[in-house]
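Take a look at the structure set out below.
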Amino acid sequence: MRKASNNAVYNAPILDMRASQSRYSRAVCLFALLSIVPSVLASTWHAPEEQLARKIAAATGPGAVAVEVVNRSSLGHADVEEVRRGLAAELATLGVRSVSADQAAATVRITLSENLQNYVWVAEITQGNGEASVVMVATARSGGAQPDHSTVSLTIRKTLLWSDENRILDVAFVSANPPRMVALQPENVVLLKLQGSLWVVEQSLPITHLHPWPRDLRGRLALRKDHLFDAYLPGVFCRSTTAMPLAIACYESDDPWPLGADQSGLSAFFSPARNFFTGALSPGLEKQTTVKAFYSAAMLPRDKYKLWILATVDGQVHLLDGVTDQVAPKPGWGSDIASVHSGCGLGWQLLVTGNTETKRETIKAFEMLDREPAGVSEPVEFSGNITALWTDWDGTTALAVAQNADTGKYEAYRLSISCNQ
């Protein structure tokens, strides 16, 4: 700046004097702006970091603690690391040092979560054998960096598997030679074998039950490693044998039904007299063991947790991550949802029935961007009302059943998602 001052000429009749002064002014403004940017960026998370650190320090007092930060929000890796460093620095100024667990007098598990308006940071503090205490702060999502999401247009492909006059509740595919398919119906479990391009009935196994089925009957099949399958119906559980020809044993039971695909690891209790899940989970999603009663659920894996989407009986969509339970927008959704691992777009998609009053329903694919649903496919139409929608047992496809509005028959379709190149 000294050189600029020494060379400045205020009275000389230089033609480009104004231009030089203008360039000089712009340079000074740019320098000032650049000097401000680092402090602005550094303060992005400063307020919530300071607030949470003070609450933690008030609970633990000065000393050595083990701090774990778990990200269950849409923040990227760089932001999470910035928050982690900022929290450590704020705690240090309050006399709280971060050490390994074997040297700590207390443990602090900080979960970075979010809802539709705010980032929500929750700290669970455990000292000795005492009960854990919880403190939290919230900060507006507009105050932080917004993740960059890019979606692609996808196509839902449906393949007709089998049609029958009796209601079809669920279908599961068995890897064998030849391939086999298990179909769950109200009074039978049907085993089919692929001959050429057609499925033909190989066995029909009767289901025994002491009480009449509820009006809107639902059922679920689960393939097993030590035997072929388990079948879940309201108040009834059936287990198959292993060797062919098959047999099944059915008895009254309130065992929870598996939700999602085999790897989801979550089950829920089904009402024996109605058509929905009661809201009691097994074994639970971390500390979330009860939720509102719901019709269907789907799981979307995240880097360090599983996000569960529930279509509840009150017409809402709930998002669970083991820490928070938030309500998401529901743009014309029906009550049946399932998730599919396609490898397209974000990797996993939701298949959702359309909320329509017509006799021909649709299913559309969605992705969860910042925990808000975004449509990524055109809706695919069915021959009538959809009566079942389940994620296939390996998670890569889904099974949909619709009752044909013209023939009255039930038609089972296999749904897959293809990437549009």
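One table, with the values for the structure above:
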item	result
Taking all pairs of distinct alpha-carbon atoms in the chain, Kirkwood radius in angstrom	25.2 Å
Which listed pairs, of K158/K306; K158/K225; K225/K359; K287/K409, have C-alpha distances above 32 Å, in listed order	K225/K359; K287/K409
Percent RCO, i.e. relative contact order, over the stretch 46-143, from Cα pairs under 8 Å lying at least 6 residues apart	33 percent
Gaussian network model of the chain, springs between alpha carbon atoms under 10 Å - residue of K304, K359, K55 with greatest fluctuation	K304
Hz values of 3J(HN,Hα) by residue in the stretch 222-231 - Karplus curve (6.51, -1.76, 1.60), Gly and Pro given as x	9, 6, 10, 8, 8, 8, 6, 7, 10, 10
Within a Gaussian network of the chain (alpha carbon springs, distance under 10 Å), most fluctuating of A365, A405, A53	A405
Restricting the stretch 318-421 to GluC sites (Glu not before Pro) in coil, as DSSP defines it, with at most 16 other Cβ within 10 Å	E357
Helix-derived mean residue ellipticity, 222 nm - over the chain, DSSP H n ≥ 4, -39500 (n - 2.57), to 500	-5000 deg cm²/dmol
Residue exposure sequence - M368, M136 - by fewest surrounding Cβ within 10 Å	M136, M368
Highest-MSF residue in the chain out of V122, V182, V200 [GNM, Cα springs under 10 Å]	V200
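No lab work stands behind these numbers, since they all come straight from the coordinates. Predicted model only: the values in this text are computed from it and were never measured. Because the Cβ atoms are built from the backbone with ideal geometry, glycine has one as well, and the counts that use them run over all protein chains shown.
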